[in-house]
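Reviewing the structure listed below.
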Amino acid sequence: MSTTVMQPVRRPTIRQTECFIDGQWTSSQSGKTFETIHPATEETIAQVAEGDQADVELAVRAARKALESGPWSRMDARDRGRLMMKLADLIEHEADELAALETLDNGKPIRDARNADVPLTIDCLRYYAGFADKIHGQTIPIRGNYFCYTRREPVGVVGQIIPWNFPMLMVAWKWGPALAAGCTVVMKPAEQTPLTCLRLARLAQKAGIPDGVINVVPGFGPTAGAAIVKHPGVDKVAFTGEYLTAQTIMKDAAPTLKRLTFELGGKSPNIITADADLDAAAAGAHFGLYFNQGQCCCAGSRVFVEESVHARFIEKLASMNKTRRVGDPFNPETEQGPQVDRAQFDKIMKYIELGKQAGATCVTGGTRVGERGYFVAPTLFDNVSDEMPIAQDEIFGPVMSVLKFKDLDELVARANNTIFGLAAAVWTRDVSKAHYLAKRLRAGTVWINCYDVFDAAAPFGGFKMSGMGRELGEEGLRPYLENKTVTVALG
Ligand code: ADP
């Protein structure tokens, strides 16, 4: 990933705080608002319209109209792609402003927002824009005197519910395949981070995406989110978040039998064998866990280290933690910002206590940093055993657990011994070992000698309780399409 040399960053202006429905910016029907904060200072940065069922009702109506009778429904596929390209260009044009807005709302370091979130967002939209006119059916040689073919049609109105860890990138992961497929959208951003989603809606409008195609209803999960999931006018729900929420969504979606895709949590094993390049592996393990303050569904939070290199490896990890720059996310030098909010901060501190109580060795961190903002020191636990809560539960913070192993097959069983199966990584110079482990690990993504390598073209998603379906790549387009078989009698 290329990195841009950063200038000191000014705070961005917040422009959009209302619901975006049928091309109009409006207060919520109830008139209620909720506050969003800057997690580095805990100050309120904006009051945002708090949508609920009434707003979802209007948004679904607008999305259905756009799907069934608006210009979107008649537009050539290639022109849909062109509008998506235009949106990507507008995002590129405002890259610095958008990165700063993401940093303000989420707290992530500006260098990450600028060098990861923004370019990945643009890339994803361009990738799917290219798909818009390449979605075809088949002709099928059935028995008899018939012409049989399939059409791949948009699944319809899609409800998209996203989390706060990559607020802008998750918009692209959701809008990209939806728009390419010709669907229309009702999106609910996370209550912690609604601002970049609303900004992207404004840019979509500027790009010429017709009214009603994209609707954004900010608000809370049990109100706005649940209303989207239950609405009979929504054909499919795409959700990224916690598996517990996904269970509620499944129940709420059952009466209307909605199509569902989920991208959920993880407790991903990152495996360091004795024959690995240990410096590269340590750097990869550090990045794989601490990136984005540990707030990644695929964070490599269980680091399995082969016993013979364990002591050396811990030293390398510890020294990186000690020099990691934690602080003001607007400082271009900062590597780690605050956690997103008080609830996440409290949860992480609770797990750190549980780790200490269970007898794991806290090698670095284990404490808050400063007195204002939700900063947690990069924390490294050694001597962790499989049954400890810090080895079982998703912490979603800068807390790494190191576990030792000796035997490869025993390791596979331990690595797979979790309810999750989102990602895994292996560090080794032995190509057979690498592919053997890639085959045996029950995870949707396996990285070999790398971590967190994402590309819009490479499918991503979970085995087991880490998800259902895949996002990105051609695979990610499928859930947004219905297959229709047409059979014509000939003569
Ligand atoms: P996190 O703990 O990361 O916030 P959640 O699963 O709680 O994960 O939240 C992810 C998204 O799901 C957010 O946009 C949130 O508002 C939404 N959400 C939470 N509860 C529900 C629900 N019952 N129905 C629909 N969406 C929900």
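Only the coordinates and a few stated rules stand behind these numbers; no lab work does. Everything numeric in this text was worked out from a predicted model, so none of it was measured. Cβ atoms come from the backbone with ideal geometry, glycine included; neighbour counts cover every protein chain shown.
Using a/c under 1.5 as the rounded threshold, could you call the stretch 164-291 rounded, prolate or oblate? The axes a ≥ b ≥ c are square roots of the C-alpha gyration tensor eigenvalues, and prolate needs a/b larger than b/c, oblate otherwise. Prolate, because a/c is 1.5 or more and a/b exceeds b/c.
Computed on the Cα trace of the stretch 411-474, the radius of gyration divided by the Kirkwood hydrodynamic radius gives Rg/Rh = 0.97.
The per residue volume of the convex hull around the alpha-carbon atoms of the stretch 254-293 is 117 Å³. So how far, in whole Å, is the C-alpha centre of the stretch 148-224 from the one of the stretch 19-61? So the two Cα centres are separated by 15 Å.
Counting alpha carbon pairs within less than 8 Å and at least 6 residues apart, what relative contact order, in whole percent, applies to the stretch 181-306? Please list the in-between numbers first.
Numbers: 141 pairs, mean separation 24.6, N = 126.
Normalised by residue count, the contact order of the stretch 181-306 is 20 percent.
The peptide list 231-238, 39-46, put in order of mean Cβ contacts within 10 Å with the highest first, becomes 231-238, 39-46. In this simple spin-label model, placing a label point 7 Å from the Cα along the Cα-to-Cβ direction at both residue 220 and residue 244 gives a separation of 1.5 nm.
Each peptide in 299-312, 240-253 receives the mean, over its residues, of other Cβ atoms within 10 Å, and ordering these scores from highest gives 299-312, 240-253. For the chain, what does the relative contact order come out to in percent, with C-alpha contacts under 8 Å and a separation of six or more? Computed over the chain, the figure is 18 percent. Here the stretch 321-434 carries DSSP beta bridges of which approximately 50% are antiparallel, counting only pairs with both residues inside.
Counting each DSSP H run of 4 or more residues in the chain as -39500 (n - 2.57), what helix-only mean residue ellipticity at 222 nm follows after dividing by all residues, to the nearest 500 deg cm²/dmol?
On the way: 15 runs with 174 residues, N = 491.
So the calculated ellipticity at 222 nm is -11000 deg cm²/dmol.
Where both bridge residues fall in the chain, DSSP classifies roughly 40% of the beta bridges as antiparallel. Once the Cα-Cα distance is subtracted from the 0.36 nm per residue extended length, the residue 353 to residue 77 segment shows a gain of 93.9 nm.
Taking a ≥ b ≥ c as the square roots of the eigenvalues of the alpha-carbon gyration tensor, the stretch 8-142 is classed oblate because a/c is 1.5 or more while a/b is no larger than b/c. Scaled against the 2.2 N^0.38 Å expected of a compact globular protein of N residues, the Cα radius of gyration of the stretch 368-408 reads 1.45.
What's the extension gain from residue 54 to residue 369 if we count 0.36 nm per residue and subtract their Cα-Cα distance? Let's see the in-between values first.
Values: separation 315, 0.36 × 315 = 113.40 nm, distance 4.20 nm.
The span from residue 54 to residue 369 would gain 109.2 nm if fully extended.
Projected label points at residue 153 and residue 439, each 7 Å from Cα along the beta carbon direction, are separated by 4.3 nanometres. Take the Cα of residue 275, step 7 Å toward its Cβ, do the same at residue 42, and the gap between the two points is 5.2 nm. Rounded to the nearest 20, the size of the Cβ-charge dipole of the chain about its Cα centre is 1100 debye, with Lys and Arg at +1 and Asp and Glu at -1. Compute the Cα gyration tensor for the stretch 98-177, then decide on rounded, prolate or oblate, letting a ≥ b ≥ c be the square roots of its eigenvalues: rounded whenever a/c is under 1.5, prolate when a/b is larger than b/c in the other cases, and oblate in all that remain. In terms of gyration-tensor shape, prolate.
Hey, if you put +1 on the Cβ of every Lys and Arg and -1 on every Asp and Glu Cβ in the chain, which of 31, 192, 274 ends up farthest toward the positive end of that dipole? Ranked along the dipole, the leading option is 31. Cα centroid separation, the stretch 414-464 to the stretch 348-379: 28 Å.
Could you give me D for the chain, from Stokes-Einstein at 20 °C and 1.002 mPa s, where the hydrodynamic radius is the Kirkwood radius over C-alpha pairs? Units µm² s⁻¹, please.
Values: Rh = 23.3 Å.
It diffuses with D of about 92 µm²/s by this estimate.
Putting +1 on Lys and Arg Cβ atoms and -1 on Asp and Glu Cβ atoms, find which of 201, 157, 140 reaches farthest to the positive end of the dipole of the stretch 137-203. Projecting each Cα onto the dipole axis, the largest value belongs to 140.
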